[in-house]
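Report on the structure given below.
The values are calculated or read from the model by the stated rules, or taken from the named source; none is laboratory data. Not measured: the values here are computed from a predicted model. Here the Cβ is made from the backbone with ideal geometry for all residues, glycine too, and neighbour counts use every protein chain on show. Protein only, heavy atoms only, side chains kept; ligands, DNA and RNA dropped before computing areas. Shrake-Rupley method; radii C 1.70, N 1.55, O 1.52, S 1.80 Å.
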Amino acid sequence: MLEIRNLHARVDDREILKGINLVVNPGEVHSIMGPNGSGKSTLAQVLAGRETYVVTEGEVLLDGDNILEIEPEERACRGIFMAFQYPVEIPGVANTYFLRMALNSIRKYNGLKELKPVEFVKYVKEKMKIIRTSDDLLKRSVNEGFSGGEKKRNEIFQMALLEPKLCVLDETDSGLDIDALKLVADGVNAMRSPERAFIIITHYQRLLNYVVPDFVHVLVDGKLVKSGGKELALELEEKGYSWVENSSQSAA
Amino acid sequence: MSNTDVRVEELAEQEYKYGFVTDIESETLPPGLNEDVIRQISAKKNEPEFMLKWRLKAYRHWLTLKEPEWGNIRYPRIDYQGISYFSAPKKTGLESLDEVDPELLETYEKLGIPLEEQKMLAGVAVDAVFDSVSVVTTFKETLAEVGVIFCPFSEAVQKYPELIKKYMFSVVPYTDNYFAALNSAVFTDRSFCLVPKGVRCPMELSTYFRINEKNTGQFERTLIIAEEGAYVSYLEGCTAPMRDENQLHAAVVELVALDDATIKYSTIQNWYPGDKNGKGGIYNFVTKRGKCAGRNSHISWTQVETGSAITWKYPGCILLGDGSVGEFYSVALTNNWQQADTGTKMIHIGKNTRSNIVSKGISAGHGQNTYRGMVKILKGAQGARNYTQCDSMLIGEDCSAHTFPYIEVKNSSAQMEHEASTSKIGEDQIFYCKQRGISAEDAVSLIVNGFCKEVLSELPMEFAIEAQKLLSISLEGSVG
Ligand SMILES: Nc1ncnc2c1ncn2[C@@H]1O[C@H](COP(=O)(O)OP(=O)(O)OP(=O)(O)O)[C@@H](O)[C@H]1O
Ligand SMILES: [Mg+2]
């Protein structure tokens, strides 16, 4: 589904991603861990198409097409979803209105009929059975005045609603209390399917107890230095990043 | 961001959708202004003697005045002798739509206001003004049943001279300012409305109207009176065809609310703003004022201004009656080379009077947007309160926003609250929308509409939707 080949990206004059290689197949859950500032969010943003980051080398293939030349909105329409580490507030725009616009853009792109307001409300009600969220949050302006945890939950609700193919979660678990963490994990698990893949960026083993990854990768200084199964996360938690940093240097 | 800027230039080529000219025979006075011209206007309109006298008085006063220069706007000198002061389609005073010039109807069609449908549109009476003379008035009968008078101003001058004598100039005297004086001398037409005591006007009253004749100045005059306990909501919507010459527009609107009466006056203005190089466009110098004459009366101005090359406009309220309330909700959008200097004047005279001001300025392209607001609390205005919120949004690097709040408080019991903010439309906001599948253009219009929400929600439902569309159209191409 997704293939990242030798991806290099920079901001201003600084190289941040220094040759990433990763293959994600449908149905898989990949977790990316790594120290602060190692480039995890950058990778997520490059996948989503943020113009701030300039790709200097490499390719990103989605279902065989190189998507680096494609506008972010089209990537979204093709099924890439990113749950933001810092979701943005849009004052005055009702969450439901925003979501309907998003859903309909995506449906339109994929040749589906746009949902009328009434149909949309029905659809939202359905989704609310899977991902618990409050009516209040849906009525309020997009993320405006939401608590940190509410913003993260709202991202997951959006994800459930838009039914993407590839879900990139950037530290969605940070700042969540235990209950909210479970809620997010349940949501992700409910969405797991043989056609859908996840890239979960996290600092903590905690989430991975609930959402068990097929692969764990460690990103250090713009490179994936170690990959393994779910045990790698436990090992990291125990030994810290210095362990991989050292072992990767000795490997090099 | 730099990428965005390039697109701004590239895409800022939004064509004016309504730029067409209707070719119908019309009767137009040659350009020029003197007492003789005024006599001719008055004669053509069959006016009673007193009106001609008033016009001449206003004209003589105007001659002594100087064009104001304090506005934060730049434009070449207006040649008042180069303007024609009267233009009317030859066929007029028609009773049914069948008699209306088909080409005229087509024009309305292009504007998206098919009169045929308007008739059926629940609860909207349309007094369509084409250039200077009102052509057709619908719904008059329904209104007459409850005693509401709603007719072209010039008709009221003939039919209800006593009302005109009583209320005209009672809010905006001809001496008020340069443009009001000019208007008083040469005013053409617009609406007159009186809602009698205790009557709630059963429908939204609305005037659509456009400037068509080349080089025709437009000087509309509107007067709305709500008697004791009456309620009326009035909406004006305007569009004009594409012109290279700048066209002058100087309207006067007077509102009078008696005890416990409410007047809501909403404007959607999308006149030709000029092309992307700043050529052409309407000059819009308007004087709008309401007088809350009675106790607990209420006047509310809502405006969505997206058109005109230059907008100079300060709808205000004189809060005379104790407990009266004045409101001003405004969205002003300037794109390309448009300039707007707009705001409000709230004069608190009565006790426990309140005013509420919410202004949203949006600048894109090389647009320049100025908010100029005055709140005056006079000595006797015990317990007066004002709330002012003034937000600006900038799109791109070449536009600007300015705020000039003037506050004068002569009574120490007054409570004043002022909030102001300036924001840039955020790249992060746009990216967030794009990541959800929404195009940049839709994202900008979504964000702008959200920014204007408090104002748009003041508009009657169907016009709020129209205003949203208009904002989106006016913003097309402002961000890539
Ligand atoms: N827009 C930007 N401008 C300048 N530097 C940036 C920008 N975005 C990221 N960087 C830099 O790139 C590096 C990687 O940042 P990134 O946000 O990808 O890290 P991260 O792995 O997600 O860290 P964290 O765990 O703290 O979220 C950091 O040093 C950061 O300062
Ligand atoms: Mg990060």
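Residue count for region A:7-35 satisfying the condition of being in a strand (DSSP E or B) and in contact with an Asp or Glu (Cβ under 6 Å, 6 or more places away or on another chain): 3.
When the residues of region A:147-173 are filtered to those that are free of Cβ contacts under 8 Å to residues at least 40 places away in the same chain and in a loop (DSSP other than H, G, I, E, B), the one that is farthest from ligand 1 (Cβ to nearest atom) is A:GLU163.
Of the residues making up region A:198-222, those that are open to solvent by 80 Å² or more (accessible area, probe 1.4 Å) and either within 14 Å of chain B (Cβ to nearest Cβ) or within 16 Å of ligand 2 (Cβ to nearest atom) (or both) number 2. Assess whether B:GLU116 counts as being modelled with pLDDT under 80, farther than 26 Å from B:MET461 by Cβ and open to solvent by 30 Å² or more (accessible area, probe 1.4 Å). Here the answer is no, as B:GLU116 does not meet what is asked. Scanning region B:433-455 for residues that are open to solvent by 10 Å² or more (accessible area, probe 1.4 Å) and more than 8 Å from chain A (Cβ to nearest Cβ) yields a total of 2. Going by what's in this entry, would A:VAL244 be described as within 16 Å of ligand 2 (Cβ to nearest atom), open to solvent by less than 30 Å² (accessible area, probe 1.4 Å) and over 14 Å from A:PHE84 (Cα atoms)? Against the criterion (within 16 Å of ligand 2 (Cβ to nearest atom), open to solvent by less than 30 Å² (accessible area, probe 1.4 Å) and over 14 Å from A:PHE84 (Cα atoms)), A:VAL244 does not qualify. Of the residues making up region B:346-360, those that are buried (at least 21 other Cβ atoms within 10 Å of the Cβ), out of contact with any helix residue (DSSP H, G or I) (no Cβ under 6 Å at 6 or more places or on another chain) and not β-branched (Val, Ile, Thr) are B:MET346, B:HIS348, B:GLY350, B:SER355, B:SER359.
Hey, among the residues in region B:366-380 that are surrounded by fewer than 24 Cβ atoms within 10 Å (Cβ to Cβ) and not in a strand (DSSP E or B), which one's nearest to the chain's Cα centre (by Cα)? Only one residue fits best here, namely B:HIS366. Just one of the listed residues (A:GLY49, A:GLY79) is under 24 Å from A:ASN189 (Cβ atoms), away from ligand 1 (no atom under 14 Å from the Cβ) and within 15 Å of the chain's Cα centre (by Cα), namely A:GLY79. The set of residues in region A:87-106 being more than 7 Å from chain B (Cβ to nearest Cβ), in contact with an Asp or Glu (Cβ under 6 Å, 6 or more places away or on another chain) and open to solvent by 30 Å² or more (accessible area, probe 1.4 Å) consists of A:GLU89 alone.
Working only within region A:36-80, note down all residues that are assigned to a helix (DSSP H, G or I) and either farther than 24 Å from A:GLU163 by Cβ or open to solvent by 30 Å² or more (accessible area, probe 1.4 Å) (or both). Spell out the reasoning first.
The first filter runs over region A:36-80 and keeps only residues assigned to a helix (DSSP H, G or I), leaving A:40-48, A:72-77.
If the condition is that a residue be assigned to a helix (DSSP H, G or I) and either farther than 24 Å from A:GLU163 by Cβ or open to solvent by 30 Å² or more (accessible area, probe 1.4 Å) (or both), then A:LYS40, A:SER41, A:THR42, A:GLU73, A:GLU74 are the ones that fit.
Filtering region B:389-432 to residues that are within 14 Å of another protein chain (Cβ to nearest Cβ), assigned to a strand (DSSP E or B) and more than 18 Å from B:SER330 (Cα to Cα) leaves only B:LYS424. Which condition number does A:GLY39 fail, the rest of (1) on the phi < 0 side of the Ramachandran plot; (2) within 16 Å of ligand 2 (Cβ to nearest atom) being met? So the condition that A:GLY39 fails would be (1).
Annotation note: of A:GLU171, A:GLU150, the sole residue that is more than 16 Å from ligand 2 (Cβ to nearest atom) and surrounded by fewer than 23 Cβ atoms within 10 Å (Cβ to Cβ) is A:GLU150.
Tallying residues that are part of a loop (DSSP other than H, G, I, E, B), away from ligand 1 (no atom under 15 Å from the Cβ) and open to solvent by 60 Å² or more (accessible area, probe 1.4 Å) within region A:174-197 yields 4.
When A:GLU144 is tested against (1) out of contact with any helix residue (DSSP H, G or I) (no Cβ under 8 Å at 6 or more places or on another chain); (2) more than 10 Å from chain B (Cβ to nearest Cβ), just one condition goes unmet, and that condition is (2). When the test is whether a residue is away from ligand 2 (no atom under 16 Å from the Cβ), buried (at least 22 other Cβ atoms within 10 Å of the Cβ) and not polar (S, T, N, Q), A:GLU15 does not pass it.
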